[in-house]
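What follows is a short report on a single structure.
The values are calculated or read from the model by the stated rules, or taken from the named source; none is laboratory data. This one's a predicted model, so the numbers in the text were calculated from it and none came from an experiment. Backbone-built Cβ (ideal geometry, glycine too); neighbour counts: all protein chains shown. Areas reflect the complete protein model, heavy atoms only, side chains present, ligands, DNA and RNA absent. Shrake-Rupley method; radii C 1.70, N 1.55, O 1.52, S 1.80 Å.
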Protein chains: 2
Amino acid sequence: MDTVKPYVIGLDLGGTNSVFGIVDARGNILSTTAIKTQAYPDVNDYVTAGCEALDPIIYAAGGIEKIQGMGIGAPNANYYTGNIENAANLAWDGIVPLAKMFSEKLGIPVAMTNDANAAAMGEMTYGVAKGMKNFIMITLGTGVGSGIVINGQVVYGCDGFAGELGHVTMDRSGNGRLCGCGRKGCLEAYCSATGVARTAREMLSTSSRPSLLRELNREEITSLDVAIAAEKGDDLSQEVFEFTGKMLGEACADFTAFSSPEAIVFFGGLTKAGDLLMKPIEKSYNEHVMPIFKGHAKLLVSTLDGAGAAVLGASALGWEIK
Amino acid sequence: MDTVKPYVIGLDLGGTNSVFGIVDARGNILSTTAIKTQAYPDVNDYVTAGCEALDPIIYAAGGIEKIQGMGIGAPNANYYTGNIENAANLAWDGIVPLAKMFSEKLGIPVAMTNDANAAAMGEMTYGVAKGMKNFIMITLGTGVGSGIVINGQVVYGCDGFAGELGHVTMDRSGNGRLCGCGRKGCLEAYCSATGVARTAREMLSTSSRPSLLRELNREEITSLDVAIAAEKGDDLSQEVFEFTGKMLGEACADFTAFSSPEAIVFFGGLTKAGDLLMKPIEKSYNEHVMPIFKGHAKLLVSTLDGAGAAVLGASALGWEIK
């Protein structure tokens, strides 16, 4: 057996910034470096700039021979191919074999997946899902993403794109909210950060109920504004979170019918609302889950949440590739 | 490596009958025998009677040393424990360690799972899903069951009960049809054989449209009656299948967002309706599935359907146990 090397590299590739980190097996981030994703319309220049930025922190960690592998979390990343495929938020058109490009440049194995799957890997490797073989990660950010782990493996499906739980249909009337995917009534259209702001705006315009949110420019209301108002006891804002949590609980009850996970782990900006969100999720989940599953799955909030979480998640992929 | 033996035993344990079969690796059923499940209120007597019935067909197959293992498909069977747990349709109360009991009596390894998971195993071992690593089996019988295969393994979840896709909620209004599980609006309440008959009765009572079904005693209408009338061109009956297929297509679009299968395989009595059911499923699935998944999953009808299918499904478990 080869000796496992002490570190991995994680790359959180976002539309604006790309953050690289060197991480040990316990999930400590030794060092980070970053480049602007948008500054490199040619992906070859991006890879060159990334490797140049990595150089000094790899050197400080003892050189590339101390690095087991690299994991990348990126939009539209396909785990099977190591390609980014037609990412709308990135300047690179078509199919970009980014894993292969970094692997050739650095001389280490590189794997890539999307952000939510990376988050699930991170949670399983370093976080609250450590040791779990069956859990579902729900990421509540600008969108609603998911990473599903079954029998200790992230589920990629037949094409690398499995785990799009933000796009199960919650409103089947045909008049549901329009989602970014082009369909109507998706979970993401209601329970993402943008969905929460939208719910608040809808409630403000369809009633004349008093609310702290009325002091704000309605079109600029964010989920954070709603959370702050709710914390201050604002009824309407609390109702926004109840509505959101109720729907998430219903959706999670369906997810449990699929894979009966030991935990559903929530991750991302919206979880900062804490009990405002989690209590309604739990109440609704317990009301809607099939009796045989009652009490089996824990509803948890990620412990990796924070600035380094996405880098950690990506880095976790680096341990499992050969 | 041990030599794989040429045969397995499959037991399809139903509320009324228990059918045993000896099966080879290609899915040929060499011989079968059966006992009445209901005739044995004591499970010890059941196992004794089952083994006595098996004796001559095992002997004819060359003796127990030719048998690799035994698989059982049974209601409320837990794959992890090998127990039947609180099965409402069986006379045996509480927890029944049936796999262990047969294993000790026969001297071969025995595994057990529920009917739908057994069907998925059968399809993967001998049927249209042969060679597939990711597919979903939907069984359309008295209820709606499912068996989910991911990375070549049936999904059992944290507790052995995963894959209850008949109990995802399709009507979230709170006024959906009451389901046998005690909740409202489940897929099973609409798309099982009993659900189809219920839809027909509802359509007959809420309209005065002419229909061949009006010649029948309304309370005794079955899904087969609806299929026969639809085949004869009965508008209302065709609409029942369109409604059923539309809902199944919507549900399957959500299932794809979970595991992105290469196929969804339909199995069970209702599939005998053929295109009457499959065309509306396909139309609705293509309309509702998320764009990135379009065209990836095949919608198939089981080729194992028929008298021996349940025995074959159960027997497939016998190959994988040690």
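General observations
- Inside the range B:193-226, residues that are within 24 Å of B:TYR285 (Cα to Cα) and either touching a Lys or Arg at 6+ places or on another chain (Cβ under 6 Å) or small (Gly, Ala, Ser) (or both) make up a count of 5.
- Hey, A:VAL144 within 14 Å of the chain's Cα centre (by Cα) and among the hydrophobic types (A, V, I, L, M, F, W, C) or not: yes
- When residues of the range A:137-163 are limited to those that are hydroxyl-bearing (Ser, Thr, Tyr) and under 24 Å from A:ALA227 (Cα atoms), the one nearest to the other protein chains (Cβ to nearest Cβ): A:SER146
- Checking B:LYS246 against (1) open to solvent by 70 Å² or more (accessible area, probe 1.4 Å); (2) in contact with a helix residue (DSSP H, G or I) (Cβ under 6 Å, 6 or more places away or on another chain); (3) more than 29 Å from A:ILE148 (Cα to Cα), the condition it does not meet: (3)
- Matching entry among B:MET70, B:MET101 (being open to solvent by less than 10 Å² (accessible area, probe 1.4 Å), under 23 Å from B:THR32 (Cα atoms) and not small (Gly, Ala, Ser)): B:MET70
- Considering the conditions (1) away from chain A (no Cβ under 14 Å); (2) closer than 30 Å to A:ILE150 by Cβ, B:ILE264 is excluded by exactly one of them, (1).
- B:ARG201 over 19 Å from the mean Cα position of the chain (by Cα), of a type in the set (Lys, Arg), outside any helix (DSSP H, G or I) and surrounded by fewer than 19 Cβ atoms within 10 Å (Cβ to Cβ): no
- Take the conditions (1) surrounded by fewer than 21 Cβ atoms within 10 Å (Cβ to Cβ); (2) over 24 Å from B:GLY176 (Cβ atoms); A:ILE150 misses just one of them, which is (1).
- Set side by side, the residues A:CYS158, A:CYS186, A:CYS181 differ, and just one is within 30 Å of A:MET121 (Cα to Cα) and open to solvent by less than 20 Å² (accessible area, probe 1.4 Å), which is A:CYS186.
- Sole exception among (1) open to solvent by 20 Å² or more (accessible area, probe 1.4 Å); (2) closer than 21 Å to A:GLY180 by Cβ for A:ILE95, by number: (2)
- Any chance B:GLY274 is open to solvent by less than 50 Å² (accessible area, probe 1.4 Å), within 19 Å of the chain's Cα centre (by Cα), over 25 Å from A:THR256 (Cα atoms) and more than 14 Å from chain A (Cβ to nearest Cβ): yes
- Verdict on A:GLU320 being within 10 Å of another protein chain (Cβ to nearest Cβ), open to solvent by 50 Å² or more (accessible area, probe 1.4 Å) and in contact (Cβ under 8 Å) with a residue 60 or more places away in the chain: no
- Considered as a group, the residues in the range B:35-53 that are in contact with a Ser or Thr (Cβ under 6 Å, 6 or more places away or on another chain) and among the aliphatic types (A, V, I, L, M) include one that is surrounded by the fewest Cβ atoms within 10 Å (Cβ to Cβ), and that residue is B:ALA53.
Okay, residues lined up against (1) within 14 Å of another protein chain (Cβ to nearest Cβ); (2) of a type in the set (Lys, Arg); (3) open to solvent by 10 Å² or more (accessible area, probe 1.4 Å); (4) farther than 30 Å from B:PHE293 by Cα:
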{"residue": "B:ALA88", "(1), (2), (3), (4)": "yes, no, yes, yes"}
{"residue": "B:PRO109", "(1), (2), (3), (4)": "no, no, yes, yes"}
{"residue": "B:THR125", "(1), (2), (3), (4)": "no, no, yes, no"}
{"residue": "B:VAL128", "(1), (2), (3), (4)": "no, no, yes, no"}
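- Taking the conditions (1) open to solvent by less than 30 Å² (accessible area, probe 1.4 Å); (2) within 20 Å of B:GLY157 (Cα to Cα); (3) away from chain A (no Cβ under 14 Å); (4) not hydroxyl-bearing (Ser, Thr, Tyr) in turn, B:ASP115 satisfies each one other than (1).
- Output for the range A:204-213, where each listed residue is small (Gly, Ala, Ser), open to solvent by less than 50 Å² (accessible area, probe 1.4 Å) and modelled with pLDDT of 95 or more: A:SER211
- Only one of the listed residues (B:TYR59, B:TYR79, B:TYR40) is within 26 Å of B:VAL154 (Cβ to Cβ) and of a type in the set (Phe, Trp, Tyr). That residue is B:TYR79.
- Taken residue by residue, the range B:1-10 has at least one member that is open to solvent by 10 Å² or more (accessible area, probe 1.4 Å), in a strand (DSSP E or B) and under 12 Å from B:SER315 (Cα atoms).
- Qualifying residue in the range A:38-51 (condition: touching a helix residue (DSSP H, G or I) at 6+ places or on another chain (Cβ under 8 Å) and closer than 19 Å to A:ASN117 by Cβ): no
- Considering B:ALA253, B:ALA310, B:ALA229, B:ALA314, the condition of being within 14 Å of chain A (Cβ to nearest Cβ), of a type in the set (A, V, I, L, M), part of a helix (DSSP H, G or I) and out of contact with any Lys or Arg (no Cβ under 6 Å at 6 or more places or on another chain) is satisfied by B:ALA253 alone.
- Residue match in the range B:283-300 (condition: part of a helix (DSSP H, G or I), buried (at least 16 other Cβ atoms within 10 Å of the Cβ), of a type in the set (Ser, Thr, Tyr) and in contact (Cβ under 8 Å) with a residue 24 or more places away in the chain): yes
- Test: A:ALA189 is modelled with pLDDT of 95 or more and more than 14 Å from chain B (Cβ to nearest Cβ): no
- For A:PRO280, the conditions (1) at pLDDT 95 or above; (2) crowded, with 17+ Cβ neighbours inside 10 Å; (3) under 30 Å from B:ASN76 (Cβ atoms) all hold with the exception of (3).
- Cβ pairs under 6 Å, 6+ apart, first in the range A:214-243 and over 10 Å from A:VAL196 (Cα atoms), second surrounded by 20 or more Cβ atoms within 10 Å (Cβ to Cβ) and of a type in the set (Phe, Trp, Tyr): A:ALA230/A:PHE241
- Residues being out of contact with any Lys or Arg (no Cβ under 8 Å at 6 or more places or on another chain) and facing chain B (nearest Cβ under 7 Å) - total across the range A:164-182: 5
- Residue within the range A:236-245 that is within 14 Å of chain B (Cβ to nearest Cβ) and in a helix (DSSP H, G or I) present: yes
- Members of the range B:172-186 found to be outside any strand (DSSP E or B), within 23 Å of B:PHE161 (Cβ to Cβ) and free of Cβ contacts under 8 Å to residues at least 24 places away in the same chain, listed by number: B:ARG172, B:GLY176, B:ARG177, B:CYS179, B:CYS181, B:GLY182, B:ARG183, B:GLY185
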